[in-house]
Amino acid sequence: MSAAADDLWQVRRMRPRDVEAVVAIERESYSHPWSERIFRDCLRVGYWAWVIDRTGRSVAGYALASIAVGEAHLLNLCVAEHARGSGAAARLLETVIAQASAERAGELLLEVRPSNHAARRLYARYGFETRGRRPNYYPDRHGREDALLLSKVILI
């Protein structure tokens, strides 16, 4: 991907009016999507929340994270199918990492499905390491799937 193409992505704070588009991406991406209410509650309580779009176009992805006791947690990062492989997920992840650093978090944690190879490659590229496994964490169409707990040291 060229730097010029990457520069077309714009990351900004999620607003209440973005929730409808975010929920549509969530529903197209997951068998057990978060509800509109969950996204609205995340905004209401002040979680970090961003959306990404091409300048002047509709929302193509989002990320939500929280921080407590010096530890940041990436709660959800998702990109619409049409924008996957375009650098949008990387830009969102960079935004979360930068926010965690600005807030002086010592570590950034996340859970990921072992079957989500694209996400695992992205997180590995940014220095996340496997810290553990959460059995039966995610619901799926055939029962449940474990989660890998990944972490990245932010401050040394």
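The values are calculated or read from the model by the stated rules, or taken from the named source; none is laboratory data. In this text the structure is predicted, and so the values were computed from the model without any measurement. Here the Cβ is made from the backbone with ideal geometry for all residues, glycine too, and neighbour counts use every protein chain on show.
Residues that are surrounded by fewer than 21 Cβ atoms within 10 Å (Cβ to Cβ), closer than 15 Å to E81 by Cβ and not charged (D, E, K, R) within the range 24-58 comprise A24, S29, Y30, S31, P33, S58, listed in sequence order.
Among the residues of the range 69-84, is there at least one that is in contact with a Cys (Cβ under 8 Å, 6 or more places away or on another chain) and more than 22 Å from R125 (Cβ to Cβ)?
From the range 69-84, those in contact with a Cys (Cβ under 8 Å, 6 or more places away or on another chain) are 75; that's our starting set.
From what's left, more than 22 Å from R125 (Cβ to Cβ): none.
Checked the range 69-84: no residue is in contact with a Cys (Cβ under 8 Å, 6 or more places away or on another chain) and more than 22 Å from R125 (Cβ to Cβ).
Apart from one condition, R12 fits all of (1) touching a strand residue (DSSP E or B) at 6+ places or on another chain (Cβ under 9 Å); (2) over 22 Å from R113 (Cα atoms); (3) modelled with pLDDT of 95 or more; (4) buried (at least 18 other Cβ atoms within 10 Å of the Cβ); the exception is (4).
Listed here are the residues, each with its yes/no results for (1) part of a helix (DSSP H, G or I); (2) closer than 28 Å to I154 by Cα; (3) of a type in the set (S, T, N, Q).
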residue: A21; (1), (2), (3): yes, no, no
residue: S31; (1), (2), (3): no, no, yes
residue: I38; (1), (2), (3): yes, yes, no
residue: C42; (1), (2), (3): yes, yes, no
residue: A63; (1), (2), (3): no, yes, no
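Scanning the range 28-59 for residues that are among the basic types (K, R) and under 13 Å from A88 (Cβ atoms) returns R54, R57. Looking at the structure I just gave you, is D53 assigned to a helix (DSSP H, G or I), farther than 13 Å from C78 by Cβ and of a type outside the set (K, R)? When the stated conditions are applied, D53 does not pass them.
Being aliphatic (A, V, I, L, M) and within 16 Å of R91 (Cβ to Cβ) is the requirement here; does V23 meet it?
Values: aliphatic (A, V, I, L, M): yes; within 16 Å of R91 (Cβ to Cβ): no.
Here the answer is no, as V23 does not meet what is asked.
Among the hydroxyl-bearing types (S, T, Y), in a helix (DSSP H, G or I) and touching a residue at least 24 places away in the same chain (Cβ under 8 Å), is that true of Y138? So Y138 does not fit the description; no. Each residue in the range 38-67 was checked for being without any contact (Cβ under 8 Å) to a residue 40 or more places away in the chain and either within 13 Å of P16 (Cα to Cα) or among the aromatic types (F, W, Y) (or both), and 11 of them qualify. With outside any strand (DSSP E or B) and either among the acidic types (D, E) or under 27 Å from V45 (Cβ atoms) (or both) as the only criterion, which of A105, A147, A118, A124 stands out? The match here is A105. Would you confirm, using the coordinates I've provided, whether A88 is farther than 23 Å from V23 by Cα and either touching a residue at least 40 places away in the same chain (Cβ under 8 Å) or out of contact with any strand residue (DSSP E or B) (no Cβ under 6 Å at 6 or more places or on another chain) (or both)? The answer is no for A88.
For H73, are the conditions met, namely being free of Cβ contacts under 8 Å to residues at least 40 places away in the same chain, within 24 Å of V19 (Cβ to Cβ), assigned to a strand (DSSP E or B) and of a type outside the set (D, E)?
Yes.
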